[in-house]
Every structure is written in C-alpha cells, then in structure tokens.
C-alpha cells in the first residue's frame with residue numbers, strides 16, 4: 001500500500017472537515033480528512049492531514 005497521507009499547514013482557524021474535503025476533491029477521491037483540534041479550546045489548530053485514494057491524486061493536489 002502506498003503512502004498517500006499528506007500534512008496540510010497554514011489553514012484558516014475556521015476550517016472544518018467538510019471544507020477541507022471540498023478543497024481536495026477536485027484532485028481525486030479523499031479517503032480521510034482530519035482537522036487537528038486544540039484540546040483546550042476545541043478550535044482548529046491551523047493544520048490537518050488529508051489522505052487521497054492514489055499517489056497520482058496526492059501529487060496533483062500538491063502541485
């Protein structure tokens with residue numbers, strides 16, 4: 001299995017999982033999207049991890 005998980009930084013503190021998926025869907029199927037939350041404030045920390053269905057999709061998103 002190839003590694004298709006990528007770190008996404010410098011995100012708005014208002015981002016949610018649905019919006020994150022919408023940003024990456026034009027490049028291929030998103031199999032997972034996780035916005036990392038602050039445990040104390042329960043607000044997004046400004047970064048996330050996105051997993052795509054293939055390396056080609058991931059590379060297209062990176063470009």
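Bear in mind these aren't lab numbers, they're just calculated from the coordinates by the rules spelled out. Only a predicted model underlies this, so the values are computations on that prediction, with no experimental measurement involved. A quick note on method: Cβ atoms are made from the backbone with ideal geometry, for glycine too, and the neighbour counts reach across all protein chains shown.
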| request: State which residue pairs qualify: first residue without any contact (Cβ under 8 Å) to a residue 24 or more places away in the chain and on the phi > 0 side of the Ramachandran plot and inside the stretch 46-63, second residue surrounded by fewer than 14 Cβ atoms within 10 Å (Cβ to Cβ) and in a helix (DSSP H, G or I) in any location, beta carbons under 7 Å apart, and separation of 6 or more residues or different chains. | output: none
| message | I'd like to check something: does the stretch 5-16 contain any residue that is part of a strand (DSSP E or B), surrounded by 14 or more Cβ atoms within 10 Å (Cβ to Cβ) and on the phi > 0 side of the Ramachandran plot? | response | no
| query | How many residues are assigned to a loop (DSSP other than H, G, I, E, B) and surrounded by 17 or more Cβ atoms within 10 Å (Cβ to Cβ) if we restrict to the stretch 25-63? | reply | 1
| query | Among the residues of the stretch 28-45, which ones are touching a helix residue (DSSP H, G or I) at 6+ places or on another chain (Cβ under 6 Å), closer than 14 Å to residue 16 by Cβ and in contact (Cβ under 8 Å) with a residue 24 or more places away in the chain? | reply | 35
